[in-house]
1. Please identify the pairs in which a residue from the stretch 163-175 that is more than 18 Å from Y61 (Cβ to Cβ) has its Cβ atom under 6 Å from the Cβ atom of a residue that is surrounded by fewer than 11 Cβ atoms within 10 Å (Cβ to Cβ), counting only partners at least 6 apart or on another chain.
2. Could you check the stretch 18-35 and list, in sequence order, the residues that are free of Cβ contacts under 8 Å to residues at least 24 places away in the same chain and crowded, with 18+ Cβ neighbours inside 10 Å?
3. Can you say whether L38 is of a type outside the set (S, T, Y), farther than 25 Å from Q178 by Cα, crowded, with 16+ Cβ neighbours inside 10 Å and in contact with a strand residue (DSSP E or B) (Cβ under 8 Å, 6 or more places away or on another chain), as far as the supplied structure shows?
4. Restricting to the stretch 41-64, what's the tally of residues that are of a type in the set (D, E, K, R), more than 18 Å from F177 (Cβ to Cβ) and assigned to a loop (DSSP other than H, G, I, E, B)?
5. Please enumerate the residues belonging to the stretch 58-70 that are over 15 Å from the mean Cα position of the chain (by Cα) and in contact (Cβ under 8 Å) with a residue 12 or more places away in the chain.
6. Just to be sure, is P110 in a loop (DSSP other than H, G, I, E, B), open to solvent by 70 Å² or more (accessible area, probe 1.4 Å) and free of Cβ contacts under 8 Å to residues at least 40 places away in the same chain?
7. So which residues in the stretch 172-193 are surrounded by 14 or more Cβ atoms within 10 Å (Cβ to Cβ), closer than 18 Å to T118 by Cα and at pLDDT 80 or above, if there are any at all?
Amino acid sequence: MKSFLADFLYFFYPKRCIVCGRVVHPTVDLCEDCEKELKPITVKTCQKCGNPKKLCCCKRYVYHFRGISSPYLNEGSAQKAVYFYKFGGNKDSAQFFGKVMAERFINDFPDIEIDCVTAVPRNRKKRADKDNTLWRFDHSARLAKCVARELSVPYKPLLIKHKSNKVQHLLSGKERFQNVKGVYREIGGTTPAD
């Protein structure tokens with residue numbers, strides 16, 4: 001019965017590639033062309049900044065976290081899929097990215113035990129703006145929940161955004177670091193989380 005229902009729904013609502021929108025098999029997230037365009041990071045990366053060793057930028061910045069890991073270079077299909085997820089409201093991408101991010105985390109940080117996965121909260125004012133397609137869902141929390149599910153750990157909201165700031169994606173790397181200072185704090189706490 002489940003198979004019949006799944007086939008029936010697929011006939012009317014076929015699964016689509018998270019990048020180009022072509023109809024794909026129900027068990028895959030990308031069409032063959034878009035999958036070929038993915039560029040997995042296969043070289044040794046700096047565990048602090050996440051860049052390939054030859055592009056390490058740790059000397060230019062002071063980081064307040066242990067490390068970064070990414071499954072793909074930010075170009076081609078991966079870049080397009082992230083863009084459509086964040087700015088086009090393509091919620092289906094969260095499952096795909098959650099799975100590959102969790103796999104990469106386990107590969108890059110095998111000795112780290114994690115208690116939970118969290119997300120950087122969005123601006124409440126923008127989240128409430130229902131006319132704006134960009135903010136109809138909290139893409140950060142949705143992705144974090146998918147990663148948590150893949151890692152078999154709980155998702156916990158740990159931060160709140162208590163000040164407004166400029167939109168991050170319009171800023172340079174250095175400006176992004178400055179833009180978030182003092183904007184977040186722990187839930188139930190008064191200490192800003194820089």
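1. Going by the 6 Å Cβ cut-off, there are no qualifying pairs.
2. Scanning the stretch 18-35 gives V24, C31.
3. Yes; evaluated as a whole, the condition is true for this residue.
4. Here is the first cut: in the stretch 41-64, the residues of a type in the set (D, E, K, R) are 44, 48, 53-54, 59-60.
Add one more test, that the residue is more than 18 Å from F177 (Cβ to Cβ), and what stays is 44, 53-54.
Those left that are additionally assigned to a loop (DSSP other than H, G, I, E, B): 44.
So the count comes out to 1.
5. Once the filter is applied, which keeps residues that are over 15 Å from the mean Cα position of the chain (by Cα) and in contact (Cβ under 8 Å) with a residue 12 or more places away in the chain, the stretch 58-70 yields C58, Y61, Y63, H64, R66, G67.
6. The answer is yes for P110.
7. V180, V183, Y184, R185
Listed here are the residues, each with its yes/no results for (1) touching a residue at least 60 places away in the same chain (Cβ under 8 Å); (2) open to solvent by 50 Å² or more (accessible area, probe 1.4 Å); (3) touching a Pro at 6+ places or on another chain (Cβ under 8 Å).
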residue: Q47; (1), (2), (3): yes, yes, no
residue: Y72; (1), (2), (3): no, no, yes
residue: E75; (1), (2), (3): no, yes, no
residue: Q79; (1), (2), (3): no, yes, no
residue: V82; (1), (2), (3): no, yes, no
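The values are calculated or read from the model by the stated rules, or taken from the named source; none is laboratory data. Keep in mind that what you see is a predicted model, and the values were worked out from it rather than measured. Virtual Cβ from ideal backbone geometry, glycine too; neighbours counted across all protein chains shown. Surface areas here come from the heavy atoms of the whole protein model, side chains and all, with no ligands, DNA or RNA. Shrake-Rupley method; radii C 1.70, N 1.55, O 1.52, S 1.80 Å.
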